[in-house]
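The values are calculated or read from the model by the stated rules, or taken from the named source; none is laboratory data. The structure presented is a predicted model; accordingly, all values stated were derived computationally and were not measured. Here the Cβ positions follow ideal geometry from the backbone for every residue, glycine too, while neighbour counts run over all protein chains shown.
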Amino acid sequence: MRRSLYSVHPGVAMVQHAIATLPERTGRSLDEWIRVIRARGSSDVHAVRDWLKAEYKLGATYAAWLASRAAGGDDDGDADKYLERAERYVDEMFAGSKAALRPIFEKLLKIGLAIGHDVKACPCKTIVPLYRHRVFAQIKPATRSRIDLGLSLGEMRTPKRVIDTGGFRKKDRITHRIEIMSPADIDGDMTRWLLKAYELDAKP
């Protein structure tokens, strides 16, 4: 696996498990399904998905995933390819009008990774989630001049600075956020709330 500041997203392991269990669950391996689909001669992902559901009685998730893979979709089960994408995601997040936020992001990331030995940063296209057992925080460039540090704090009552997003009521993992607009906003108080979110995720 390539060396990276980031860790492989848990979704990659889920795809790897799905690939490994395909023969048991569906009677064919991934390569066999791709050959079957391509032999049909259609590149319409939606049509192939519906055909797989009707012809082979596959569930919607498996049918859509196999149709996408046969059409050349991302290899979401490859750890090295994910890490390549992760670095690209971050570069694209902090490019152009948001380039000035990159040093703030890097400082936040450094603090987040230092919170505990088991913290992992797993970038997506628009956010960088921090995992312990689950997502306990996320770093998001919200505007050209602001990063939101999202936190999973449940129903906890917080001071005005730690803004309740309504996430708990919506059953979202991220329930609060702290607005970061300059390095001065990355202080001991912010770090204590980040640590609290990490501690709340102590049990899987």
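Brief remarks on what is shown
- The one condition from (1) surrounded by fewer than 15 Cβ atoms within 10 Å (Cβ to Cβ); (2) in contact with a helix residue (DSSP H, G or I) (Cβ under 9 Å, 6 or more places away or on another chain); (3) closer than 27 Å to Val12 by Cα; (4) modelled with pLDDT under 95 that Lys203 does not meet is (2).
- The criterion of at least 3 residues that are loosely packed, with under 15 Cβ neighbours inside 10 Å and at pLDDT 90 or above is met, among helices (runs of 4 or more DSSP H) falling completely within segment 29-97, by 30-40, 45-56, 79-93.
- The numbered conditions (1) surrounded by fewer than 18 Cβ atoms within 10 Å (Cβ to Cβ); (2) under 19 Å from the mean Cα position of the chain (by Cα); (3) farther than 14 Å from Thr191 by Cα; (4) of a type outside the set (A, V, I, L, M) are all true for Arg169 except (2).
- Inclusion of Leu130 among residues that are touching a Gly at 6+ places or on another chain (Cβ under 7 Å) and not polar (S, T, N, Q) is warranted.
- Test: residue in segment 9-16 that is among the hydrophobic types (A, V, I, L, M, F, W, C), over 30 Å from Met190 (Cα atoms) and surrounded by 18 or more Cβ atoms within 10 Å (Cβ to Cβ): yes
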